[in-house]
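Q: Let me give you the structure first, and then I'll get to my questions.
Just so you know, all these numbers are worked out from the coordinates, no wet-lab data involved. Remember, it's a predicted structure, so these values are computed and weren't measured experimentally. Note that we place each Cβ from the backbone using ideal geometry, even for glycine, and neighbour counts take in every protein chain shown.
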Amino acid sequence: MNVLFIDACVRKNSRTHRLAKEVLQQLNGQVTEINLAQENIQPLSEQSLAKRAELLSQQNYDHPIFRYARQFAQADLIVVAAPFWDLSFPAMLKCFIEAISIVGITFRYGKNGKIEGLCKADKLIYVTTAGGYIDEHNFGYGYIKALATTLFGVKKTQFFKADGLDIIGADEASIMQKAIAEVDVNL
Ligand SMILES: Cc1cc2nc3c(=O)[nH]c(=O)nc-3n(C[C@H](O)[C@H](O)[C@H](O)COP(=O)(O)O)c2cc1C
């Protein structure tokens with residue numbers, strides 16, 4: 001199984017990364033990692049949009065700018081690790097989404113304009129940790145889940161979290177230990 005690990009963790013001792021490692025350990029697969037902090041993917045601009053449109057009009061899907069979309073479309077399973085920032089996730093994950101949302105690679109418009117996902121994976125796992133309690137504000141996962149299921153055709157998603165980590169008096173070690181112990185990946 002070819003697992004694509006999209007790492008949107010920023011801090012050196014990231015707790016989200018620690019929790020994601022537990023998920024990856026439970027998967028019996030070959031893991032390919034995209035470390036978004038290292039990739040430094042830029043937001044779409046007028047220039048990059050025009051370049052992309054030109055390549056797509058030529059059906060030049062092998063061009064390097066589509067490499068993330070191809071990797072995403074070809075993975076058997078996708079794991080996303082992203083800290084809970086401003087009720088969602090770091091902006092570099094949105095830049096990655098802009099880079100992979102490519103008509104003809106990750107999705108297409110079928111009959112009557114209906115979106116059809118083109119990704120091979122049937123599951124995406126999303127991992128996050130938060131300083132406060134996420135409660136009903138789970139916008140990062142909610143958004144990724146909507147994209148996975150409606151745009152990319154990845155039917156199943158699963159969510160793992162540790163929250164309340166930065167609250168004064170919180171026992172960070174035991175919150176993390178509990179979250180790690182509760183990781184139970186269903187494939
Ligand atoms: C830029 C930034 C924004 C954050 N926004 C929130 C937030 O909206 N809600 C929250 O509960 N915690 C927030 N936090 C705290 C983080 O969610 C928390 O520290 C998390 O565990 C960080 O993950 P990491 O250890 O993987 O870096 C924020 C932290 C940073 C640095």
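Q: Tilt of helix 91-100 relative to the longest C-alpha principal axis of the chain, in degrees (0 to 90, nearest 10)?
A: Around 30 degrees separate the two axes.
Q: Against the longest alpha carbon principal axis of the chain, how many degrees, from 0 to 90 and to the nearest 10, is the axis of helix 15-26 turned?
A: 80 degrees
Q: Okay, next question. Using per-residue counts of other Cβ atoms within 10 Å, averaged over each peptide, order 120-129, 164-173, 25-34 from highest down.
A: Going from most to least packed, we get 120-129, 25-34, 164-173.
Q: Right, here's the next one. State to the nearest 20 debye the size of the charge dipole of the range 1-55 about its Cα centre, where the only charges are +1 on K and R beta carbons and -1 on D and E beta carbons.
A: 280 debye
Q: Also, I was wondering about something else. Ordered by packing density, taken as the mean number of other Cβ atoms within 10 Å over each peptide's residues, highest first, how do 82-91, 174-183 rank?
A: Highest mean packing first, the order is 82-91, 174-183.
Q: Sum -39500 (n - 2.57) across every DSSP H segment of at least 4 residues in the chain, then divide by the residue count to get the 222 nm mean residue ellipticity, nearest 500.
A: Calculated at 222 nm, the ellipticity per residue is -9500 deg cm²/dmol.
Q: So who's got an amide H within less than 5 Å of the one on Phe107, skipping anything under 5 residues away but keeping other chains? H placed 1.01 Å off N, in plane.
A: The answer is Ile102, Leu118.
Q: What whole number of Å gives the distance from the Cα centroid of the range 138-153 to the Cα centroid of the range 21-38?
A: 20 Å
Q: Can I ask one more? Can you give me the angle between helix 46-57 and the longest principal axis of the chain, using Cα atoms only, in degrees from 0 to 90, rounded to the nearest 10?
A: Tilt relative to the chain: about 60 degrees.
Q: Taking the Cα centre of the chain as origin, sum charge times position over the Cβ atoms of Lys and Arg (+1) and Asp and Glu (-1), and report the length of that vector in debye to the nearest 20.
A: So the dipole magnitude of the chain works out to roughly 560 debye.
Q: I've got another one for you. Decide, for the range 1-68, between rounded, prolate and oblate: order the square roots of the alpha carbon gyration tensor eigenvalues as a ≥ b ≥ c, take rounded if a/c falls under 1.5, and otherwise choose prolate if a/b is larger than b/c, else oblate.
A: The shape class here is oblate.
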